[in-house]
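What follows is a short report on a single structure.
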Amino acid sequence: MIEIDIRHRVGALEMRVAFRSEGPVTALFGASGAGKTTLLNLIAGLATPDSGRIAVVGETLVDREKNINLPSRKRRIGYVFQDARLFPHLTVRQNLLFGRWLARLPLADAEVERILALLDLAPLLKRRPAHLSGGEKQRVALGRALLASPRLLLMDEPLASLDGDRKDDILTHLEAVRDTIGIPIIYVSHARDEVERLASHIAMIGKGELTAFGHVNDVLRKSSGQEH
């Protein structure tokens, strides 16, 4: 369960977003500049909403009325950015182990091996980021986030810089994570094909406001009908 009910001003953008989702993957969908990344940062604790409440899996992360605001390090949230943000001086193995080191509840060795196999990371362990393709970097970034034992995974347009083949490869791995790991995901995109393939629910964001929310097929079908 993910519960969001916030108001927040950033620059000229006045954000008002409220929804509750129980789906395995909730997409935040909208044009660039609509406030999607800002909303992820509010969930992660990298910014604080002006008012409102955010709760994940039954725990309140921030509630301005009750003066609750967990620091980001205590929220147990994995964050995968568009540019991977791997440590260039570390090998893939060391980047992954950094994620495990960050975990408040470290994963058992068997679970670590399962994640490595799921993302096909074993052949990459001795390499450094400079010797990885864009798709390989994103798989490593995803593995590092999962090894931090999160209760929620945030993904901010992780496929935006990839070409068709690499994009399809990462989507296949993301589907495997969705179907086997059991961690809820909030996935930011403005690519309809990604959202249709991955998400169960969708929050349409336009100019900082929630314009629609529901099951992905229902919302996108209504959106397409309105466009015509």
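The values are calculated or read from the model by the stated rules, or taken from the named source; none is laboratory data. Since this is a predicted model, take the numbers as computed values, not measurements. When we count neighbours, we look across all protein chains shown, and the Cβ atoms used for this are built from the backbone with ideal geometry, even at glycine.
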(message) Among the numbered criteria (1) under 17 Å from Leu40 (Cα atoms); (2) part of a loop (DSSP other than H, G, I, E, B), which one does Lys126 miss?
(response) (1)
(message) Tally up the residues in region 198-211 that are part of a strand (DSSP E or B) and under 14 Å from Lys36 (Cα atoms), please.
(response) 8
(message) Exactly one of these conditions fails for Ser133: (1) crowded, with 17+ Cβ neighbours inside 10 Å; (2) touching a Lys or Arg at 6+ places or on another chain (Cβ under 7 Å); (3) modelled with pLDDT of 90 or more. Give me its number.
(response) (1)
(request) Considering (1) more than 27 Å from Ile54 (Cα to Cα); (2) not in a helix (DSSP H, G or I), say which one Ala176 fails and leave the rest. (result) (2)
(message) Suppose we filter Ile68, Ile54, Ile43 for residues that are at pLDDT 95 or above and under 29 Å from Thr172 (Cβ atoms); which single one remains?
(response) Ile43
(message) Quick test for you: out of Ser200, Ser161, pick the one residue that is among the small types (Gly, Ala, Ser), in contact with a helix residue (DSSP H, G or I) (Cβ under 7 Å, 6 or more places away or on another chain) and more than 13 Å from Leu220 (Cβ to Cβ).
(response) Ser161
(message) Among the numbered criteria (1) buried (at least 17 other Cβ atoms within 10 Å of the Cβ); (2) outside any strand (DSSP E or B); (3) not β-branched (Val, Ile, Thr), which one does Asn217 miss?
(response) (1)
(request) Give the residues of region 11-21 that are out of contact with any Phe, Trp or Tyr (no Cβ under 6 Å at 6 or more places or on another chain), touching a residue at least 40 places away in the same chain (Cβ under 8 Å) and not small (Gly, Ala, Ser), sorted by residue number. (result) Leu13, Glu14, Met15, Arg16, Val17
